[in-house]
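Written out below as structure tokens is the structure these notes cover.
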């Protein structure tokens, strides 16, 4: 029964992404590097473009977030396997983080959304099947 439910949730997720998904670019932060012309500049593990469900945060999510989420924030839901270097170590032997971080950036509809919220943390979760991320972000600037 549990496997059947998991298969149903995956099927619904896929259907929703196919029908309602919007294109986003997700920049997975690696480190800040020094650039003589611009100073500290972020470097990213990868910056893939893929479809995600983009939803405004609900009042119930704001209320249960302990003040971290605010009106105007969005939830971006997408497949975990959209991150291609999640293997743990890249080909240069560097350890990759396998989960969203506060320094990640999402480009959606021409706007930049930051995953770092007021307290310096990122708010995200996986669905019950462990195949989808839901990452909360705030419009920058």
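The values are calculated or read from the model by the stated rules, or taken from the named source; none is laboratory data. For clarity, every value in this text was computed on a predicted model and none was experimentally measured. Note that we place each Cβ from the backbone using ideal geometry, even for glycine, and neighbour counts take in every protein chain shown.
Here are the numbers for this structure:
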item: Members of region 27-60 found to be outside any loop (DSSP other than H, G, I, E, B) and in contact with a helix residue (DSSP H, G or I) (Cβ under 7 Å, 6 or more places away or on another chain), listed by number; result: 50, 51, 53
item: Residue in region 113-130 that is surrounded by 13 or more Cβ atoms within 10 Å (Cβ to Cβ), in contact with a helix residue (DSSP H, G or I) (Cβ under 8 Å, 6 or more places away or on another chain) and either over 19 Å from residue 28 (Cβ atoms) or at pLDDT 85 or above (or both) present; result: yes
item: Members of region 1-16 that are modelled with pLDDT of 80 or more and in contact with a strand residue (DSSP E or B) (Cβ under 7 Å, 6 or more places away or on another chain); result: 16
item: Tally, over region 74-112, of residues that are in a loop (DSSP other than H, G, I, E, B) and either in contact with a helix residue (DSSP H, G or I) (Cβ under 8 Å, 6 or more places away or on another chain) or at pLDDT below 90 (or both); result: 19
item: Qualifying residue in region 74-82 (condition: within 22 Å of residue 120 (Cα to Cα) and free of Cβ contacts under 8 Å to residues at least 24 places away in the same chain); result: no
